[in-house]
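Participant: Take this structure first; my questions come after.
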Amino acid sequence: TPSILDPFRFYLHISGTGKRIYYEDAPAEDFDVVLPRLSAATAKYGAEVAAHFEWIGVPVLNRASSIENARNKFRTLRILAQHGLPVPPSFTTGSTRCLDRSVRETGGYPFIMKPFEGTHGNAILLLDTPRSLTSAVGAMCDLYRDYVIQSFITESAGQDIRVIVVGGKFIAAMKRTAQEGEFRANVHRGGTGERIDLPGQYIDTALRATEAMALEVAGVDLLQTGNGPIVLEVNPSPGFEEIEAVTGIKVAEAIIAFAVEYCQTRKSK
């Protein structure tokens, strides 16, 4: 029987009576599989819970290290590039001293500036002048905030594609379009979704991106360009209500079916 549990109600123990995990007062070590669904608020402690389950031998889909890598947008870009996947020209910095050089190496204005960790299009800036970029970078450095700066892909402005991958298989896809006057296509920002029949190249890119990030469940965000797909980010806890409504595909059922199959295969071995 599946259980939906609050990460903050877990107690994690090291040494003492051994490596133990409790959910409030009850031992919580007898699960067949754990599926972390972590928000921005629960991600940090939730990843520790996931790692503890891994330590005591309970399979976790996705693993803690993979979640942490995918939640860091700059680290994600590095891992994807290491695996030969197309990503937007990007850079990050801790000062404004040599900002002009980085701009020349990355591309022309405008630029997108987004936090290393963030969801729903929050805290993303569109910067179209050297003064605005320098001011924004300076402010983030003063606040000790980590931001990635990317070339704004004009030909894909206001649109992206969300692809759901589960267990190495393509499940569903939708195109998201920003509302008028908005450059972010996130549904939480007023964007609208529509079903899309993806070319094989786009499906293959989404599958490769998920594999590169060592995730079993992922939402891959792609941009359409004349040269093919570009990977924006890989979400380790993708929302699926909107894509289910748009496509009619039961994403949640696909995730549960994969988890059950994974457990059965593991037990047979």
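The values are calculated or read from the model by the stated rules, or taken from the named source; none is laboratory data. Keep in mind the model is a prediction, meaning the values are calculated, not measured. Cβ sites come from the backbone with ideal geometry, for glycine too, and all protein chains shown count toward neighbours. Ligands, DNA and RNA are stripped out before the accessible areas are found, and what is left, the full protein with its side chains, is counted by its heavy atoms. Shrake-Rupley method; radii C 1.70, N 1.55, O 1.52, S 1.80 Å.
Participant: Hey, can you tell me all the residues within the stretch 41-50 that are surrounded by fewer than 17 Cβ atoms within 10 Å (Cβ to Cβ) and at pLDDT 95 or above?
Facilitator: As a first pass, look at the stretch 41-50 and keep what is surrounded by fewer than 17 Cβ atoms within 10 Å (Cβ to Cβ): 41-42, 44-45, 48.
Once the filter is applied, which keeps residues that are surrounded by fewer than 17 Cβ atoms within 10 Å (Cβ to Cβ) and at pLDDT 95 or above, the stretch 41-50 yields Tyr45, Glu48.
Participant: Just to check your reading of the model, which residue among Ile196, Ile171, Ile124 is modelled with pLDDT of 85 or more, open to solvent by 20 Å² or more (accessible area, probe 1.4 Å), touching a helix residue (DSSP H, G or I) at 6+ places or on another chain (Cβ under 7 Å) and among the hydrophobic types (A, V, I, L, M, F, W, C)? Give the derivation first.
Facilitator: On the way: Ile196 fails: touching a helix residue (DSSP H, G or I) at 6+ places or on another chain (Cβ under 7 Å); Ile124 fails: touching a helix residue (DSSP H, G or I) at 6+ places or on another chain (Cβ under 7 Å).
Only one candidate qualifies: Ile171.
Participant: Taking interchain pairs and intrachain pairs at least six residues apart, which have beta carbon atoms under 7 angstrom, with the first residue in the stretch 129-151 and surrounded by 12 or more Cβ atoms within 10 Å (Cβ to Cβ) and the second aliphatic (A, V, I, L, M) and not in a helix (DSSP H, G or I)?
Facilitator: Note: pairs meeting the criteria are Leu133/Leu127; Ala136/Met113; Ala136/Leu125; Ala136/Leu127; Tyr147/Met113; Ile149/Met113; Gln150/Ile112.
Participant: What is the residue count in the stretch 7-40 for residues that are of a type outside the set (S, T, N, Q), free of Cβ contacts under 8 Å to residues at least 12 places away in the same chain and exposed (fewer than 11 other Cβ atoms within 10 Å of the Cβ)?
Facilitator: Qualifying residue count for the region: 7.
Participant: In addition: In the stretch 58-106, which residue that is open to solvent by 40 Å² or more (accessible area, probe 1.4 Å) and closer than 25 Å to His13 by Cβ is nearest to the chain's Cα centre (by Cα)?
Facilitator: The extreme case among them is Glu68.
Condition check ((1) at pLDDT below 95; (2) not β-branched (Val, Ile, Thr)) across all residues:
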position: Ile153; (1), (2): yes, no
position: Asp160; (1), (2): yes, yes
position: Glu216; (1), (2): no, yes
position: Gln224; (1), (2): yes, yes
position: Asn227; (1), (2): yes, yes
